[in-house]
Structure formats: structure tokens, C-alpha cells
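Colleague: Take a look at this one; I'll ask things after.
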Amino acid sequence: MAARFWVGGTGNWDASDTTHWSASSGGAGGASVPGASDTVTLDGSSGGGTVTVTATVSVTSITAGAFTGTLDTNGQSITTSGTFSITGSGARTVTLGSSAISCSLWNAGTTTNLTFNAGTSTITITGSNNSFVGGGLTYGTLVWSSAGTAIITGANTFANLTRNGTATKTDVFQLGASQTITGTLTLAGNSSINRLLIRSDTRGTARTLTAAAVSASNVDFQDITGAGAGSWNLTAISGLSGDCGGNSGITFTSPVTNYWVGGAGNTDAVAEWASTSGGSGGTGRVPLPQDSARVDSNSGTGTITQNMPRIGSWDFTNSSGITWTTSTAASFFGSIDLTGLGTLSGSTQAYTYEGRGASTLTSAGKSWAKAFTIDAPGGTLTLADAFVASAALTVTAGTFAGAGFNVTVLNFVATGSATRAVSMGTGATWTLTGDVATIWSVASSGLTLTPGTSTIRLTGSLTAARTFAGAGLTYYNLENATTGAHALQFTGSNTFNNIHIDASAAARTVLFTAGTTTTVTTFTRDAGTNVITIGSITASSHTLAKAGGGTITLDYLSLSRSTATPGSTWYATNSTDGGSNSGWTFGAIPIEGTLSTTLGAATLLANGIVPSQGQAAVTLGAATLSGAGAVPAQANAAIVLGVLALSGSAAIPSQGSLSLTLGSLSLSGSGSVATPSFPRQITVEGSLSSYGLAGSRSSYSVEGS
Amino acid sequence: MATPTDSVRVQVLIGRDTPHGRFQDAIYLSMAEFEAMKDAELEALQDERVGAWISAVEDAKHRAPEKPTRAELEEARARALAEVAEIDGKLSRGDHKIVSAR
């Protein structure tokens, strides 16, 4: 491949004159005339003037956005296997005349200083790039006959616009903006089973096709507004018209229920469909997006293979001996009910709900192998029972209502910014089994997440650090039950009712994003002694905030870069202070409410305390408090201490009707046991010994009976 | 001949505590199926549903996300090309926010 640059200003682009061709921009002429494997550039060093094409041209690409002259294709045929680009800001004129231009990508995205004369030209888009960036210009005829997704951008005007489908089921004509056709708009799917989908580039945002005349066949529409003098009554066009929602100004073929008959077969076989249950094959039709597909007791047995990429609803109720599989990724627009289905195959092609109304999903105990996506602006998919899939669940647009049923998927995604809602339901467990980079991946923009009283449970066997990307939203319970020696990382300043870390099998690591604040009402772990490491993802602190009052005590932690708020709320027992922590109290046992706690032996150093409130019942086998250690007991606390040694200024200040039973009490320094109010009782069943009485600055006291 | 009750379905709710959290599900039966089913059979049906879920959780395979199809890749490529072209256009036109006047 060689690069060729036009130089020398005005001249003819013919098959032999090398005067104007250079191997570099603004270089010397005399290079070979560009051929099919060469790129052509007309730029600011081309010399301006008028470049007139006087021969058929076949090159790899043409780039003329920086040209400062006139490019006149002069009715010649121009073929570029790649891009024909006139985008740019050079003071240029492009005149196409009656040329037939074929390219893989037409790019007129920037029309600054462009004078464009389309004439009666025809631009044909071919090849895999399959895009037309129109720049909002007025064109002659645009023809598109390539397979795949044809993408057009810019609010353009055409004399005629044609999109022909091919003998495939996935051809799409995707509109990035509304288009005006002063002549005929032709939308021609290949056949009734190789249909063409006309859609907006943004699901839920309609694009308008204004056409003086409309010719359509074998075509489905989504988010398209039909306008203009042409007839948009497409009820009876060849191959009928499919309504994928979001359309207006178009009259579609009326929906019907089609009954599967004849046992095994593909869904694109009209002979498998009847207009009545058990009716004659062929009296129905291959279901359109607005249709219902019914499989019942008259459907026979065997495997139904969905090979159409769009289907309305599926209802397998009362069927028997049916296996359902897919051979293509597909979208559905109504409800699915698998009740009665014999076997749901393990086919993994993605399934996307795109309905714009209210639909339900009844899995009837079947497990899906498919990735499920809800991409349904204004639509709602509601679970009728538990949903289990060994792939991702994604909510891109619309509402997914869990309705309180369990959801078990590989991972969950609700990113993007489209309006979408996720209702997790009351008491449901959302189990995420995956070992993927971001197990929970949501973005807050446009998302309404209603956690209900659900639990998000992560169970994957992690092979690397994995992320819960909560996007700063409010959740109910989250449980990290992952395995594997890798961290679970939280991003976002999220709020939880409870975070539970299950380290019963092995140590776990939980890291929070530095600078974020994670708010919890409670934070719990299993009853074991495997160390849970809590820290930040990067070398700066995160914050853990407790909501709802009370305290949080966690055992066997290794803490670092963790700021805990409010003060005197977060306690870490048998734990390691890894540094850069604040707000945590190490070596404390806070007991509140009606909690009943039995401690075998506890050593509380420095400022260790056993604060008990309410109806606490605390039993300590042996406790040693030193420094300013204290057992402040309030209200009706009942504290039984096998052996208590108080030293330094350690104290048991108690209030209310405290019942304090001490197996033996050892006081030293200024250690004290004080019960300032009645009724009060301190019983020392064992020995009472004191040290330091002889010391000049030492004292002890026991008040009460 | 369909009868009105053919369309009536009974929802049997399931709620069980399991080692993997609380399992909540529902079984839908026609009136005829429901009335014909003994309690033990219904219980067995619920047990089967719960057991299947536990198996799904415990046997979950940790596989990489599904690879996109060629058509999906081609569409993504075409979309990217179109977006690049439009962004190029905005850059050339100066359709960008001025963040500093200096």
C-alpha cells in the first residue's frame, strides 16, 4: 500500500497523469497514479484549484477534509475499499455530479468550510465498516446492501434512501438522527424470516423518517417515527411489519397468537406454526415481535430451536416433552413462562428483554445458561419465581422487579445512564456466583435501586481481586462468602444495613476505596478466628461509619488505613492495628441491650473497657483490666466475673439495679467498684484481695453490700 | 374446550433458609394440578426446587464472560468509527467546553 498526495493545484485525476501525485504531502509530483491498494489525500498542500476526476477511480481511501480547493468527481465511478472522507475544516468544495461512489465508510462528520454538491450521485456503502457519517448534508441517493448493522449519523436529507437486507437474520439499519427523504425510502428485508430491523441508535429515543414515498417489506421497527407524505400503513406489506416498541406514525400488522405444532423444528419454519392450538401447520406465521408464541399440549414433543433474533412472548404452559434451545442471540418483547417446559437447554446466546410494557418471567425452576439483559425503556420485567442463570444479569434500561424472589446469577450489571430501576424485593437473596472483575457493577446515573430487605451474597471462588462497584447507593445486606485468597474491593460510598464477612473457611480481605465512606448499621463476621483484613485499595484511608446508634465489635481483624466513626463505636478485639487507623478501639468488649455474652478470658489493656448497657448479661471467666480499664455497667446489667483483676485506675462504675457477682476480686492501685444507686448488690463469692493499701497514693473501695 | 379455570393458576410460594441464604421462589400450578396434588407431592416439588437452587449455587462454574459474536464486534466497530468521526467533527468545529480563558 502506498500513500499518494495530490499536489500542484488544478488538474485532472486520470488514469495516467502522474504530474499531480506525490508520495508525501506537498512533495514533488511524479509518483504513480494511485491504485486499488493506495490511499489518496488531498490536503492544504495540494495547491488548491480544481481537481477533476476524469477516469474511473479505485483506491483504498480518499481523504479530503483539509483540502482547500474543489474536488469534482465529474460523474466518474469512485470506489474506495475503505473510507471516503471529506470531514474537516479546509475551505473546500466537493461536487459529486452523477458519480457512483462506493465506499465502506462515508465520513462528512465535520462540514466546516465545506461546500457540498451531491448532484444526482449515488453513494453505496459496502464492506465491514458499514457507516455513513452524513454531517447533516443533502445527498442524492444512498444505497446500502451490506450485511450487518448499517449505521447512519447526522440529520441528513436524501433524494432517495435504500436499505436492502441480506439473507441473514441480523441485518439492522441504525439511525443516529432523523432523516428526510424527498423521494422514496426503501426498506427491504430479504424475506419474512431474514428480516431487517430499523432502529434508533439510542434505545428509547425515537428517530423520525420523513419520506415522500415509502416502500417496505419484511421489516421490523424500533423507536422510529414515520412521517411525511408517504404511506406508513405497513399492516399488509410483504413479509408483514414488526413492532419492537417505541414507534409512532406507523401502522403495524396486528398481533396474533401462533401455536407451535409438529414437535421438533426451528422457529423460522412457518410449517411449525398454526393459528389455533393443534391446528394445521402453516396457518400461523413465524412470530413477529408483537406476537405470542404458544407451546401447549398439542405441540408435540422434541426440541424447539429459536433461530429468529426477535420474538414476542413465549408460553410453554401445559406443554410436555419439549426442549427449548436457541441458536442465536435474541430479544423478546413480552412474557416468558417456562411452566410445563421439559428441558431448558444450556444454550448460551444472550437474551434481551426489550418490551415497552409490563411482562413477567416465569422460570419454573429451570436454570438459564444465558446472559440476560433488560434493555427496555419504559418497560418492566417482573419475576414470577426464582431466577437462576450461570451468566450475567444486566439492566440497561427499564425496570427489573425481583418481586422478592431469589436471583442467582454470575454477576450483576446496571451501568450506563439510561433511566432504569432495579427492585430487589423483600427478603430475597441475590446470589452472585461469579469470579469476574466486577461482580456487582452499577452506575448511579439514571438508576433507581430499591434494595428492600434483600441480601446480596457473593460466593465466587476468586482468582484475583474482585470488585463490588456500588456507585454510592443504598443496599440492605451484603455478605462476602467468596473463597480464594483474594480481596473483595468496594468502590463508592455505599450504605448497607449489614455487611457480613464469612471467613469461616479461610482468611478474607476486604478493601475499601480510599476517600469513600461506607455506612453500615451493623458489620458482622462469622464466629471463627480466621483473620479478616480490612484496609484501603490504595495507600490512603477509607471511612467506616455506623448508623443507628450502638456499637460494632469485630473479632480477629487486621486493620489498616481505616477511619471509624462515630467515636467509641467501633471495637476490634483480638485484632491487629496495622497502622493509619483512627476511631477504632482495640481490645474492647462493648455490650449493649439484652445481649448475653460469655467470655472465657479477656485481657483488656490500656484503655480496654467492658461497657454494658440495658439488660446486658455478661459472664467473664477471667478478666484483667489495667491502665484505665473499666467495666461501666448500667441499668439492669447482670455481670458475673470469675476472676477480676483491676489495677491502675481500673474501675467498675455501675448504675441501676446492677447484679455483679465476682468469683474473686483483686484490686490494686486505685481500682474501685462503685454502685452509686439502689438496689445494688456486689457479691464476692471467692476472695477479695487488695494491694497497695500501704502505698501512699493507693486506695480502693467497695461500696454497697 | 377451554374452561375459565384453565387460565387460573395457583401460586405456591416457597421460602426456605439454606446455607446459602434464604431461598424464595414460587411454583405455579393449574387448579386441576393443584387439587390433584397431595401435600407430600407438593412438598417434594418444593424440595426439588430448593435442591436445584442449592446445586446451582454450589456448582456454579467460574467461567469468563461469553465472547461477543462477530456481528456484535462488527457493530461495535462500526459504532466506534461513527462516534470517532462525530467527535472529530466536534473537535474541528470547536464544540468543546473552554475550561480556561487564559
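Colleague: Starting from the Kirkwood Rh over alpha-carbon pairs, what translational D in µm² s⁻¹ does segment A:205-283 have by Stokes-Einstein at 10 °C and 1.306 mPa s?
Modeller: Rounded, D is 113 µm²/s.
Colleague: Explain nothing, just the number: relative contact order of segment A:300-404, from Cα pairs under 8 Å at least 6 residues apart, as a whole percent.
Modeller: Worked out over segment A:300-404, it gives 21 percent.
Colleague: Okay, next question. Counting other C-beta atoms within 10 Å, which of A:THR276, A:THR95, A:THR149 has the fewest, and how do the rest follow?
Modeller: Fewest to most other Cβ atoms nearby, the residues stand as A:THR276, A:THR95, A:THR149.
Colleague: For A:PHE84, A:PHE523, what's the fewest-to-most ordering of other Cβ within 10 Å of each Cβ? The partial results should precede the final answer.
Modeller: Details: A:PHE84 25, A:PHE523 20.
By the 10 Å Cβ count, ascending, the order reads A:PHE523, A:PHE84.
Colleague: Please report, in whole Å, how far the alpha carbons of segment A:411-518 spread along each principal axis, starting with the longest.
Modeller: Result, largest extent first: 39, 29, 23 Å.
Colleague: Roughly how compact is segment A:258-402, stated as its Cα Rg over 2.2 N^0.38 Å to two decimals?
Modeller: Normalised Rg, Cα atoms only: 0.96.
Colleague: In vacuum, with every alpha carbon of segment A:333-459 counted as one equal point scatterer, what does the Debye formula give for log10 I(q)/I(0) at q = 0.09, 0.18, 0.20 Å⁻¹? Two decimals, please.
Modeller: -0.21, -0.93, -1.18
Colleague: Okay, moving on. Please report, in Å, the Rg and the Dmax of segment A:278-331, where both are computed over Cα atoms only.
Modeller: 11.1, 29
Colleague: To one decimal place, what orientation-averaged projected area in nm² is obtained for the convex hull of the Cα set of segment A:82-240?
Modeller: Working: hull surface 34.2 nm².
Directional mean of the projected Cα hull area for segment A:82-240 stands at 8.6 nm².
Colleague: What Rg and what Dmax come out for segment A:1-75 when only alpha-carbon atoms are used, in angstroms?
Modeller: Expressed in Å, the Cα Rg and Dmax of segment A:1-75 come to 10.6, 28.
Colleague: Could you work out the relative contact order of segment A:199-343, using alpha carbon pairs under 8 angstrom and six or more residues apart, expressed as a whole percent?
Modeller: 16
Colleague: Related question: In the neighborhood of A:ILE152, defined by Cβ-to-Cβ distances under 12 Å, what is the net charge if each Lys or Arg adds +1 and each Asp or Glu adds -1? Walk me through the numbers on the way to the answer.
Modeller: On the way: positive: A:ARG163, A:ARG199, A:ARG207, B:ARG79; negative: A:ASP201, B:GLU86.
The answer is +2.
Colleague: Averaged across orientations, what area in nm² does the convex hull of the alpha carbons in segment A:1-153 project?
Modeller: Values: hull surface 29.8 nm².
Value for segment A:1-153: 7.4 nm².
Colleague: Can you return the aspartates and glutamates within cross-link range of A:LYS370? Criterion is Cα-Cα under 20 Å, with same-chain partners fewer than 8 residues away left out.
Modeller: Excluding near neighbours in sequence, the set is A:ASP315, A:ASP337, A:GLU354, A:ASP385, A:ASP435, B:ASP25, B:GLU58, B:ASP59, B:GLU66, B:GLU72.
Colleague: Another question, if that's okay. Could you please report the charge total around A:ASN194, scoring K, R as +1 and D, E as -1 over all other residues with beta-carbon less than 15 angstrom from its beta-carbon?
Modeller: Numbers: positive: A:ARG163, A:LYS169, A:ARG195, A:ARG285, A:ARG310; negative: A:ASP171, A:ASP220, A:ASP268.
Summing Lys/Arg as +1 and Asp/Glu as -1 gives +2.
Colleague: May I pose another question? Could you please rank B:VAL84, A:VAL286, placing first whichever residue has the fewest other Cβ atoms within 10 Å of its Cβ?
Modeller: In increasing order of surrounding Cβ atoms, one gets B:VAL84, A:VAL286.
Values in this text are rule-based calculations from the coordinates and carry no lab data. Remember, predicted model here, so these are calculated numbers, not experimental data. Methodologically, a virtual Cβ is constructed for each residue, glycine included, from the backbone with ideal geometry; neighbour enumeration extends over all protein chains shown.
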